[in-house]
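The values are calculated or read from the model by the stated rules, or taken from the named source; none is laboratory data. Treat the numbers as computed from the prediction; the structure is a model and nothing was measured. We place every Cβ from the backbone using ideal geometry, glycine too, and count neighbours over all the protein chains shown. Note: areas computed on protein heavy atoms with side chains; ligands, DNA, RNA excluded. Shrake-Rupley method; radii C 1.70, N 1.55, O 1.52, S 1.80 Å.
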Amino acid sequence: MKQKISSISLLLSFTIVFLLAVFFAPCGAAELRILHVNDFHGFAESYKRIGSDELQGGAAYLAAKSGELKKEKPSLLLAAGDMIQGSTWANLFEGKPTIEVMNAMGFDAMVVGNHEFDFGTAVLTRRVKEANFPVLAANVTGLDALRPYTIKEVNGIRVGIIGVVTEETPAATHPGNVKGLTFLPVAGTVERYVGELKGKVDIIIVVSHLGYNADMALAGTVKGIDVIVGGHSHTKAVHHITVGDTIIVQAWEHGLVLGVLDLTVESGKVVRAASRLEDIMPAKMKKDEQVAGIVDTWAARVNESMGKVIGEAAVDLDGENARVTESNLGNFVADILKQQSRADAAIINGGGLRTSIRKGSITVGNVYSVLPFNNYIVAIRLTGQQIRDALEYGLSGIENKEGRFPQVSGITFTYSRKRAPGGRLGTVEIAGEPIDPSRQYTVATNDFLAAGGDGYQAFREAIRQAPDFEILGGTIRSGNLVYNDAGRWLRDVVVSEVSREKKVNPALEGRIKVEN
Amino acid sequence: MKVRVNDAEIHLAPGMTVRHALIGAGLMSEVEGGKKVFDEWGNEIGLDGTLSENARIYLEGERPE
């Protein structure tokens with residue numbers, strides 16, 4: 001009897017719970033899963049992050065996880081920009097391998113990031129045509145291949161997807177890459193397209209390459225956005241946040257995680273949201289064989305490219321002594337910085353040249369070994385005194401063969417290591433004339449020194465003195481920053497130059513003289 | 001562009017990243033030693049993440065609660 005009563009109680013409890021669930025469930029509610037990736041940067045192969053011993057990421061594993069999650073619920077797979085540029089695997093082929101992977105994964109839409117412009121508009125147009133999904137940029141005019149938005153219908157939900165990219169794009173790539181393009185203010189643009197889509201769709205997603213803080217500002221400014229899928233700041237937003245009525249998500253970088261946002265939509269409103277990031281850990285996961293094949297094919301082509309002969313060295317190119325004396329390899333590389341940026345002079349750190357190239361054939365791999373770091377060229381306006389300060393600092397660690405020793409172009413100087421650090425520099429000339437401490441000169445360098453790397457203060461001090469910049473007609477207008485090609489690694493510029501010159505024969509020219 | 005790394009003010013050229021801010025603050029070696037970097041909201045951020053004007057970032061253990 002007692003058992004019978006408890007069975008009836010249990011049945012009643014289940015019935016009540018079921019009825020409550022039915023009563024409170026949104027009427028006509030439908031589910032939508034948004035899977036998202038941002039700032040992939042062509043990191044198709046798994047790798048160990050700085051400070052970690054564990055392999056993470058990898059497009060084949062990302063694809064497998066995405067496929068698994070798509071099977072569970074009606075889904076959209078979105079990319080929030082900076083997908084095609086940033087690793088050797090992608091850069092050597094101008095981003096084509098990434099598009100192949102994205103096609104295989106079945107992406108539904110992506111927004112361009114600032115780095116999508118790094119290969120120029122002609123290449124970007126080719127990549128867009130190769131993509132089996134729309135590539136968006138509502139706030140960019142001048143490139144017909146890009147669309148402002150797309151509409152997808154998933155599980156009966158009509159989804160409007162608007163793409164926007166940072167207005168600062170022209171300040172972080174070569175001016176030629178964005179020639180003829182206009183980057184419109186983001187908020188006004190989104191407001192316009194939200195208005196246009198209203199009534200045509202149930203929910204609106206903005207796929208943004210603006211950065212986490214800018215996404216929050218956008219959500220606070222423009223009403224009517226249901227979700228912002230973000231990128232640019234490489235933020236590992238473990239869970240979504242909500243600003244006003246707008247949900248904001250972002251999924252770190254390099255495909256190290258896959259973002260998952262599960263929505264319940266009813267009568268054109270998001271009534272429930274749950275989010276998480278799925279770690280992509282190869283040791284614990286299956287891989288997608290089709291995508292693995294694409295990754296391996298292009299990786300093999302990278303290896304082939306590394307062995308490709310691009311020119312010939314008529315002499316040994318000495319990188320080994322670049323920390324203590326003028327080096328012909330230092331002259332060669334510094335000259336390239338100066339020429340590319342059309343600066344008056346160039347200063348690089350000898351320690352940035354990691355090895356030598358022997359007389360004979362030069363391969364792509366040789367250049368990559370000399371310049372293994374992801375550095376790019378910048379040019380900054382410095383006073384003659386700031387140039388003297390930079391050189392003086394560069395000479396202060398010769399005894400210990402510190403990497404800060406300067407290799408130069410357009411400059412000649414004398415020094416004595418017998419004098420104490422801080423007083424070693426003698427005469428300095430630029431273009432054959434004694435340097436004027438009060439005059440301004442444009443000086444090319446790499447981004448590492450510009451940020452204060454190796455302890456150099458002169459470049460960052462010049463940036464601090466004139467921090468404001470504006471973008472007019474696709475070029476930078478700034479007090480002191482006159483060239484900023486963040487999308488092209490210095491080593492790739494050197495590869496191009498060796499390929500163009502064919503025979504390389506840099507000499508020691510007395511640019512750096514030791515005083516008697 | 002002005003940002004803050006822990007409590008230090010750092011000036012960067014437009015387009016520069018978390019990595020550049022850490023170089024400027026002389027803290028890259030700590031990251032190479034395994035420390036993570038966080039934004040002002042407590043989210044971990046990647047070294048190639050772009051920073052915006054007045055952004056605040058912190059090395060692991062340095063962010064005020």
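Do we have any residue at all in segment A:182-192 that's open to solvent by less than 40 Å² (accessible area, probe 1.4 Å), of a type in the set (S, T, N, Q) and not in a strand (DSSP E or B)? Yes: one or more hits. Give all pairs with beta carbons closer than 6 Å in which a residue from segment A:29-46 that is at pLDDT 95 or above meets a residue that is charged (D, E, K, R) and crowded, with 24+ Cβ neighbours inside 10 Å; count only pairs at least 6 apart in sequence or on separate chains. That search, which allows pairs on different chains as well, returns A:39/A:82; A:39/A:253; A:41/A:82.
On the stretch given as segment A:210-219, residues that are outside any loop (DSSP other than H, G, I, E, B) and either of a type in the set (Asp, Glu) or in contact with a Leu (Cβ under 8 Å, 6 or more places away or on another chain) (or both) total 2.
Take the residues in segment A:209-226 that are closer than 22 Å to residue A:159 by Cβ and either open to solvent by 50 Å² or more (accessible area, probe 1.4 Å) or in contact with a Phe, Trp or Tyr (Cβ under 8 Å, 6 or more places away or on another chain) (or both); name whichever of them is farthest from the other protein chains (Cβ to nearest Cβ). The qualifying residue farthest from the other protein chains (Cβ to nearest Cβ) is A:223. Taking the listed residues A:301, A:323, A:354, the one that is open to solvent by 20 Å² or more (accessible area, probe 1.4 Å) and closer than 23 Å to residue A:392 by Cβ is A:323, with no other qualifying. For segment B:1-14, filtering for residues that are part of a strand (DSSP E or B), surrounded by 19 or more Cβ atoms within 10 Å (Cβ to Cβ) and within 7 Å of chain A (Cβ to nearest Cβ) leaves 1. Any residue in segment A:59-77 that is surrounded by 18 or more Cβ atoms within 10 Å (Cβ to Cβ), touching a Pro at 6+ places or on another chain (Cβ under 7 Å) and at pLDDT 95 or above? So far as segment A:59-77 goes, yes, one or more of its residues are surrounded by 18 or more Cβ atoms within 10 Å (Cβ to Cβ), touching a Pro at 6+ places or on another chain (Cβ under 7 Å) and at pLDDT 95 or above. For segment A:227-240, which positions are more than 7 Å from every other protein chain (Cβ to nearest Cβ) and either surrounded by 23 or more Cβ atoms within 10 Å (Cβ to Cβ) or in contact with a Cys (Cβ under 8 Å, 6 or more places away or on another chain) (or both)? Those that are more than 7 Å from every other protein chain (Cβ to nearest Cβ) and either surrounded by 23 or more Cβ atoms within 10 Å (Cβ to Cβ) or in contact with a Cys (Cβ under 8 Å, 6 or more places away or on another chain) (or both): A:227, A:228, A:229, A:230, A:231. Taken over segment B:31-65, the criterion of being assigned to a strand (DSSP E or B) and either facing another protein chain (nearest Cβ under 9 Å) or not aliphatic (A, V, I, L, M) (or both) is satisfied by B:38, B:39, B:44, B:45, B:50, B:56, B:58.
Checking segment B:15-30 against the condition returns no match, with no residue being open to solvent by 40 Å² or more (accessible area, probe 1.4 Å), in a loop (DSSP other than H, G, I, E, B) and under 29 Å from residue A:239 (Cβ atoms). Exactly one residue out of A:173, A:125 is surrounded by fewer than 23 Cβ atoms within 10 Å (Cβ to Cβ) and either hydroxyl-bearing (Ser, Thr, Tyr) or touching an Asp or Glu at 6+ places or on another chain (Cβ under 8 Å) (or both): that is A:125. Where strands (runs of 3 or more DSSP E) fall wholly inside segment A:220-327, the ranges with 1 or more residues that are closer than 25 Å to residue A:113 by Cα are A:227-230, A:241-243, A:246-250, A:257-266, A:269-279.
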